[in-house]
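The values are calculated or read from the model by the stated rules, or taken from the named source; none is laboratory data. Model, not experiment: these values are computed from the prediction. Positions of Cβ are generated from backbone atoms using ideal geometry, with glycine treated the same way; all protein chains shown enter the neighbour counts. Heavy atoms of the whole protein, side chains included, go into the accessibility calculation; ligands, DNA and RNA do not. Shrake-Rupley method; radii C 1.70, N 1.55, O 1.52, S 1.80 Å.
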Number of protein chains: 2
Amino acid sequence: MYVNVAVLKETQPHERRVALVPSVVPKLVKLGAKLHMQAGAGNAIKLADAAFKDVTFMADRKELVADADVVLAVQPPALEVINQMKEGAILISFIYANREPALVQLLLDKKITCFAMERVPRITRAQAMDALSSQSALAGYYAVQLGATTLGRVLPKITTAAGAIGPAKVLVMGLGVAGLEALATAHRLGAVTEGYDVRPETQEQALSLGATFVETGIDARGKGGYARELTVDEKAKVAVVLTRHIQAADLVITTAAIPGRVAPKLISKEQVAGMKAGAVIVDLSADGGGNCEDTRPGETAHIGQVTILAPLNVPSLLGEDASELYSKNQYNLLALMMKDNVVKIDWDDEILAKTVLTHAGEMKSEAVTPHATSA
Amino acid sequence: MYVNVAVLKETQPHERRVALVPSVVPKLVKLGAKLHMQAGAGNAIKLADAAFKDVTFMADRKELVADADVVLAVQPPALEVINQMKEGAILISFIYANREPALVQLLLDKKITCFAMERVPRITRAQAMDALSSQSALAGYYAVQLGATTLGRVLPKITTAAGAIGPAKVLVMGLGVAGLEALATAHRLGAVTEGYDVRPETQEQALSLGATFVETGIDARGKGGYARELTVDEKAKVAVVLTRHIQAADLVITTAAIPGRVAPKLISKEQVAGMKAGAVIVDLSADGGGNCEDTRPGETAHIGQVTILAPLNVPSLLGEDASELYSKNQYNLLALMMKDNVVKIDWDDEILAKTVLTHAGEMKSEAVTPHATSA
């Protein structure tokens, strides 16, 4: 006896990640998985099928999926895939149910037990399964590199016989996992760094990464880790302070995202117009529409003398490492439900109970609320 | 009385730099310069004409050049510009005489006193005028950023609850100014760094930047700072060692350039074929044809699972800082020849004597030999 696990080749444009990497194969085998992958699943990150040992590759996706007890993917699969799955089988991937009503309906119709990776709760025990965090960390690192190749200036102080230049000023807005990693990376490169978040408890983390914290004098803490709505007066006060910092920055990185939802606007058109000539914004929330009013998701906008980069699906740009971490996150989740070569789901386990989206034809959460306020 | 100085708007494709920046204006004025610039000269680095005080902007290049005692530029100017200059006037810019026979002939015909920035001698006193060094430092920094945005992996070690990834291995070949800055930058980012150069005296510098030094057991020191030709046996020995290090690297940065000459080949097609899947080469010597047999200057080559970036004119990609340093280098050179509002060239000054290319209709150097073996 064993658990038949199938790994899809991703089909969304520009998606390079794959849900299983060679280093995780032996661990899944040990749990009792019999592994099948779609041919070429790792090609986008230059992993040939031959790089996987103990995995059966199948060219026909229909055949691959039809036999699977568990299907693993990164992005929400095509509806066709769900149709091809066995009734009652398990799907584990990002889903973003808000954006995928047809997919959710099909998961219900087919009685698929679907664990949505973006629903992993942010509790200590679940950190090893938290793909939003692992992918966001990579995105934060990448945003700095992207900004550095676009900016006409260097981040560190460089000293030459003719004089010194730099360091550049980097402002990171939104201090979740991505924002903190961006602060850490810019600091490593020698930039002068500033962090901003509506949650004052992030101040300490910013300081520990060598950054200063932008103090607006307003405490926006609300219920359950969410920011509360500010009053008109408070908003005006915050805007004045932020404008000053935005205008002093050479590179601004914004990271405020609610997965699957529209991203909040942190930078107005007026604030962009007042920025330094040559300044660059890297908007990590382009997938949700962007944190800046001038952002054009998936494109580079040249607004006056300011350049705004808004790359989509940034973790995929670091596909090798992103796949490595994602695969480990999925393994850790599977380890909660696989034992002695069978799947057995303990619905009293908080992680599984909160991560599941659909089961036995039922929606497992009325309000499909993702858990993060800041990527 | 004053010295009429004219600054050109660069015309070569993709050249963003400008030979004068606002911070250097007051210094030149103090030396006795009356400054004129071609309209829009700073536009490519987002410097509006209005950003320059005490500079007269002129839309007509012919008029600008005709009156100038000194013409400043970054790239070798068009022949037309030389034709429009006053006989006996001074031109200061990069020239690369080997590649510009028609330009050199015209400089002679017009009796232009031409100081070629690439000819500034590498002596201590001349460091503040050394634009090859200042521009190379920027290129070395940029190469790492470019590699980091192309690599599917992160350079630093990143620790997540699901496990740690990185650090990546970065090999820098050619430890001139660019190579050392690349080592410093990759080290700052948290990569494991290795340096290689045929000149063993670079070992200490590599070590001081946190890198290890690739030891080949062969001492290639020759006369006057140049590397000597190796024997066939020696070459084979070196190749074996280098192949091992090239194949272990995630990112290789090559910097071996002789300005104005064809770049030496450091990486063979066979060595590329043996590299890790997903590895990236950034070839900083693309302007000279590249250090790798698979390099396609100005393009990105995908050779098997390896990506080779070969950007042209890399300092121009950091145009703001590159212009700042270049302008300071030119100011320091001008300060040697301007005093009390007149130009007076002391031909006994080693720097001026070595930097001059043409004067009063004569070639000032038989062998037009640039000074560097490694950018």
Among the numbered conditions (1) of a type outside the set (Gly, Ala, Ser); (2) farther than 20 Å from A:ALA162 by Cα; (3) within 14 Å of chain A (Cβ to nearest Cβ), tell me where B:LEU357 comes up short. (3)
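Quick one: which residue in A:SER208, A:SER268 is surrounded by 15 or more Cβ atoms within 10 Å (Cβ to Cβ) and away from chain B (no Cβ under 14 Å)?
Values: A:SER208 fails: surrounded by 15 or more Cβ atoms within 10 Å (Cβ to Cβ).
Of A:SER208, A:SER268, the one residue that is surrounded by 15 or more Cβ atoms within 10 Å (Cβ to Cβ) and away from chain B (no Cβ under 14 Å) is A:SER268.
Taking the stretch B:191-200 on its own, how many of its residues are part of a loop (DSSP other than H, G, I, E, B) and open to solvent by 30 Å² or more (accessible area, probe 1.4 Å)? Show your work before the answer.
Step one: filter the stretch B:191-200 for residues part of a loop (DSSP other than H, G, I, E, B), giving B:191, B:197-199.
Cutting the leftovers down to open to solvent by 30 Å² or more (accessible area, probe 1.4 Å) gives us B:198-199.
Qualifying residue count, the stretch B:191-200: 2.
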Inside the stretch A:290-307, the number of residues satisfying the requirement of being without any contact (Cβ under 8 Å) to a residue 24 or more places away in the chain and within 11 Å of chain B (Cβ to nearest Cβ) is 1
Take A:ARG244 and tell me if it is basic (Lys, Arg), free of Cβ contacts under 8 Å to residues at least 60 places away in the same chain, open to solvent by 40 Å² or more (accessible area, probe 1.4 Å) and away from chain B (no Cβ under 14 Å). yes
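Based on this model, can you work out whether A:GLN127 counts as assigned to a helix (DSSP H, G or I), open to solvent by less than 10 Å² (accessible area, probe 1.4 Å), within 24 Å of A:GLY195 (Cβ to Cβ) and facing chain B (nearest Cβ under 9 Å)?
On the way: assigned to a helix (DSSP H, G or I): yes; open to solvent by less than 10 Å² (accessible area, probe 1.4 Å): no; within 24 Å of A:GLY195 (Cβ to Cβ): yes; facing chain B (nearest Cβ under 9 Å): yes.
For A:GLN127, the condition - assigned to a helix (DSSP H, G or I), open to solvent by less than 10 Å² (accessible area, probe 1.4 Å), within 24 Å of A:GLY195 (Cβ to Cβ) and facing chain B (nearest Cβ under 9 Å) - is not met.
From the list B:ALA220, B:ALA227, B:ALA249, B:ALA257, which residue is modelled with pLDDT of 95 or more and surrounded by 15 or more Cβ atoms within 10 Å (Cβ to Cβ)? Reasoning before the result, please.
On the way: B:ALA220 fails: modelled with pLDDT of 95 or more; B:ALA227 fails: modelled with pLDDT of 95 or more; B:ALA257 fails: modelled with pLDDT of 95 or more.
Testing whether each residue is modelled with pLDDT of 95 or more and surrounded by 15 or more Cβ atoms within 10 Å (Cβ to Cβ) leaves just B:ALA249.
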Taking the stretch A:143-165 on its own, how many of its residues are open to solvent by 10 Å² or more (accessible area, probe 1.4 Å) and more than 7 Å from chain B (Cβ to nearest Cβ)? 4
Among strands (runs of 3 or more DSSP E) completely within the stretch B:220-307, the ones holding 2 or more residues that are more than 25 Å from the chain's Cα centre (by Cα) are B:300-303
Of (1) open to solvent by less than 20 Å² (accessible area, probe 1.4 Å); (2) not assigned by TED's automatic domain parsing to the domain that holds A:LEU8, A:GLY298 fails just (1)
Regarding the stretch A:308-329, can at least one residue be identified that is more than 21 Å from A:GLN127 (Cα to Cα) and at the interface with chain B (Cβ under 9 Å from one of its Cβ atoms)? yes
Please go through the stretch B:166-190 and give me each residue that is within 12 Å of chain A (Cβ to nearest Cβ) and open to solvent by 10 Å² or more (accessible area, probe 1.4 Å), ordered by number. B:GLY166, B:PRO167, B:VAL177, B:LEU180, B:GLU181, B:ALA184, B:HIS187, B:ARG188, B:GLY190
Yes/no for A:ALA184 being in a helix (DSSP H, G or I), over 19 Å from A:GLY278 (Cα atoms) and among the aliphatic types (A, V, I, L, M): yes
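Can you tell me which residue within the stretch B:133-142, out of those that are of a type outside the set (S, T, N, Q) and in contact with a Pro (Cβ under 6 Å, 6 or more places away or on another chain), is surrounded by the most Cβ atoms within 10 Å (Cβ to Cβ)? Steps first, please.
Of the residues in the stretch B:133-142, the ones of a type outside the set (S, T, N, Q) are B:137-142.
Applying the additional criterion that residues be in contact with a Pro (Cβ under 6 Å, 6 or more places away or on another chain) yields B:138-139.
Values: B:LEU138: 28, B:ALA139: 30.
Result: B:ALA139.
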